[in-house]
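Notes follow once the structure below has been shown.
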Amino acid sequence: MVEEALTAERILEAAEEVLRRFGPAKATVVDVARALGVSHGSVYRHFPSKTALRDAVAERWLARVSHPLAEVAAEKGPAPERLRRWLDLLRELKRKKARDDPELFATYSNLVADARDVVRVHVETLASQIARILADGVEQGAFTIEDPVAAGWAVFNATAKFHNPIHASEWSDPGNDAAFEGVWSLLLGGLGVREVPAKARKKPSKK
């Protein structure tokens, strides 16, 4: 590759392939540069350190989760239904990653575990998306909570078992969907929902 044509995005794409091949423990900036056919100094012009590059890769991976969720959070319509769709989408995005490519999922889970600042921003982003839906619900009269921000964090933490990678081995358990339904019912009660809209009600999956 001509070094003048090297972009941060191309480096990140190559870094993902290198991580897939070698894993986070063995992958190096030199490996990324070699995959691109450039000097490692060229990579450092875009990312000043190996940590910066790894953090950028982790951020890119997490954005593939947060961006689709942001679209749901920004929609109009009944807040309980949107909250349910947001949670279902979060669960499905995580499950799909773990199910379709478990090795890569494990690789990125390890990478993300080291990128604490990136993870903190990601989690804050997700909690703020929930808070936005809850605030809309208060305006609609669907929720009776006083602090949507605090409630957003509570919803996120209460559902961690169903989306935090540390629990990935449990996501395929036969009772996982039923367990989520139980948490969902408790959440609705805690948010002050007296009558759940039909579209926000779901029966436990038989999978």
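Only sites in a loop by DSSP and with at most 15 other Cβ atoms within 10 Å count here; which GluC sites (Glu not before Pro) in the range 3-91 make the cut?
Listed in order of number, the matching sites are Glu75.
Probe radius 1.4 Å, ligands and nucleic acids left out: which of His167, His46, His122 has the largest accessible area, and how do the rest follow?
His46, His167, His122
Take every Cα pair under 8 Å in the range 1-47 that's 6+ residues apart, average their separations, divide by the length, and report that relative contact order as a whole percent.
45 percent
Express the accessible area of the chain per residue in Å², computed with a 1.4 Å probe while the remaining protein chains stay in the model.
Value for the chain: 54 Å² per residue.
Using modelled backbone amide H atoms (1.01 Å from N, in-plane), which distant-in-sequence or interchain residues come within less than 5 Å of Asp101's amide H?
Amide H neighbours of Asp101, under 5 Å, 5+ apart: none.
Mind checking the angle between helix 176-190 and the chain's longest principal axis? C-alpha axes, 0 to 90 degrees, to the nearest 10.
60 degrees
Report the relative contact order of the chain, percent, no decimals, based on alpha-carbon pairs under 8 angstrom and at least 6 residues apart.
Computed value for the chain: 19 percent relative contact order.
Work out from phi, with θ = phi - 60° and the Karplus expression 6.51 cos²θ - 1.76 cosθ + 1.60, the ³J(HN,Hα) of each residue of the range 33-39, listed in order in whole Hz, and give x for Gly and Pro.
Running phi through 6.51 cos²θ - 1.76 cosθ + 1.60 with θ = phi - 60° gives 4, 4, 5, 8, x, 10, 7 Hz.
Give the carbon-plus-sulfur fraction of the accessible surface of the range 1-47 in %, rounded to a whole number; probe 1.4 Å, heavy atoms of protein chains only.
Answer for the range 1-47 is 53 percent, counting heavy atoms of protein chains only.
Taking all protein chains as present, what is the carbon and sulfur share of the accessible area of the range 55-190, in % to the nearest whole number, probe 1.4 Å?
Taking all protein chains in place, the range 55-190 shows 55 percent carbon and sulfur surface.
Shape call for the chain from the C-alpha gyration tensor, a ≥ b ≥ c root eigenvalues: rounded (a/c under 1.5), prolate (a/b greater than b/c) or oblate?
The shape class here is prolate.
Report the charge-dipole magnitude of the range 1-47 in Debye, nearest 20, computed about the Cα centre from +1 at each Lys and Arg Cβ and -1 at each Asp and Glu Cβ.
Value, rounded to 20: 220 debye.
So which trypsin sites (Lys or Arg not before Pro) in the range 1-60 end up in coil per DSSP with only 11 or fewer other C-beta atoms within 10 Å?
Lys26
Could you work out how far helix 102-114 tilts from the main Cα principal axis of the chain, as a 0 to 90 degree angle to the nearest 10?
Between helix and principal axis, roughly 90 degrees.
I'd like the GluC sites (Glu not before Pro) in the range 82-148 restricted to DSSP loop residues with at most 14 other Cβ atoms within 10 Å, sorted by number.
Loop-located and lightly packed - Glu146.
Per DSSP H run of n ≥ 4, the term is -39500 (n - 2.57); total these for the chain, divide by its residue number, and report the mean residue ellipticity at 222 nm rounded to 500 deg cm²/dmol.
-22500 deg cm²/dmol
Compute the distance in nm between two label points, each set 7 Å from the Cα along the Cα-to-Cβ direction, one at Ala158 and one at Phe22.
Computed distance between label sites Ala158 and Phe22 equals 4.5 nm.
Stretched out fully, how many nm does the piece from Thr144 to Lys76 gain, at 0.36 nm a residue minus the Cα gap?
Stretched out fully, the Thr144 to Lys76 stretch lengthens by 22.6 nm.
Mind checking the angle between helix 116-140 and the chain's longest principal axis? C-alpha axes, 0 to 90 degrees, to the nearest 10.
So the inclination is approximately 30 degrees.
The values are calculated or read from the model by the stated rules, or taken from the named source; none is laboratory data. Every value quoted in this text rests on a predicted model; they were computed, and no experiment measured them. A quick note on method: Cβ atoms are made from the backbone with ideal geometry, for glycine too, and the neighbour counts reach across all protein chains shown. Calculation scope for accessible area: heavy atoms of the full protein, side chains included, ligands and nucleic acids excluded. Shrake-Rupley method; radii C 1.70, N 1.55, O 1.52, S 1.80 Å.
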